[in-house]
Amino acid sequence: MAMLSSKVTNLIFAVVVLVSSLLQVMLTVEGAYVSIGNGLKPVSELKVHCRKSNQDLGVRVVHSEQQYSVNIAKEYLGSYLCVFEAAGKRTATFDVLNSRCNCNSYYGCQWVAKSEGFYCNYDFIRRWG
């Protein structure tokens, strides 16, 4: 009888460990961290209008030396198209996830709009327009 009780206890322990591991995997959300900063000189507002697949995410106004940040879950790592507007600049449109910037790195994508164009993770990526 003690042998049966020991086997049942071991089986219950194994099931609890398995369920716990499965829940941990299911609750882990991997994706990309994206920030869009305004480094424009002279001081100017940056308007950012993004779309995720077929979902319009609206217009965000990023003030000078500020940033707009978003965590994008793995299941949405398709298209994240943004339109950028600033006074005196030609409108720029591009996908902030699928560019020459490596958004899957440990730090994600840290975009900064400057007078000459756009930087990602400190590398110059593209000009306005």
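The values are calculated or read from the model by the stated rules, or taken from the named source; none is laboratory data. Predicted, not measured: the structure shown is a model, and the values here were computed from it. We place every Cβ from the backbone using ideal geometry, glycine too, and count neighbours over all the protein chains shown.
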request  = Report the residue count in segment 105-129 for those that are part of a loop (DSSP other than H, G, I, E, B), under 19 Å from the mean Cα position of the chain (by Cα) and surrounded by fewer than 18 Cβ atoms within 10 Å (Cβ to Cβ).
outcome  = 5
inquiry  = Cβ-Cβ distance below 8 Å, separation of 6 or more or different chains: which pairs start in segment 22-48 with a residue that is farther than 13 Å from TYR68 by Cβ and end on one that is at pLDDT below 90 and of a type in the set (Val, Ile, Thr)?
reply    = GLY31/ILE72; ALA32/ILE72
key: Enumeration of residues in segment 56-75 that are among the polar types (S, T, N, Q) and more than 15 Å from VAL96 (Cβ to Cβ)   = SER64, GLN66
ask   = If we scan segment 117-128, do we find a residue that is touching a residue at least 40 places away in the same chain (Cβ under 8 Å) and of a type in the set (A, V, I, L, M)?
value = no
Subset of segment 95-104 [under 16 Å from GLY58 (Cα atoms) and surrounded by 16 or more Cβ atoms within 10 Å (Cβ to Cβ)] = VAL96
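Let's see how each residue does on (1) modelled with pLDDT of 50 or more; (2) surrounded by fewer than 11 Cβ atoms within 10 Å (Cβ to Cβ); (3) assigned to a helix (DSSP H, G or I); (4) among the acidic types (Asp, Glu):
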position: LEU4; (1), (2), (3), (4): yes, yes, yes, no
position: LEU18; (1), (2), (3), (4): no, yes, yes, no
position: SER21; (1), (2), (3), (4): no, yes, yes, no
position: ALA32; (1), (2), (3), (4): yes, no, no, no
position: SER35; (1), (2), (3), (4): yes, no, no, no
position: VAL43; (1), (2), (3), (4): yes, yes, no, no
position: HIS49; (1), (2), (3), (4): yes, no, no, no
position: VAL59; (1), (2), (3), (4): yes, no, no, no
position: TYR68; (1), (2), (3), (4): yes, no, no, no
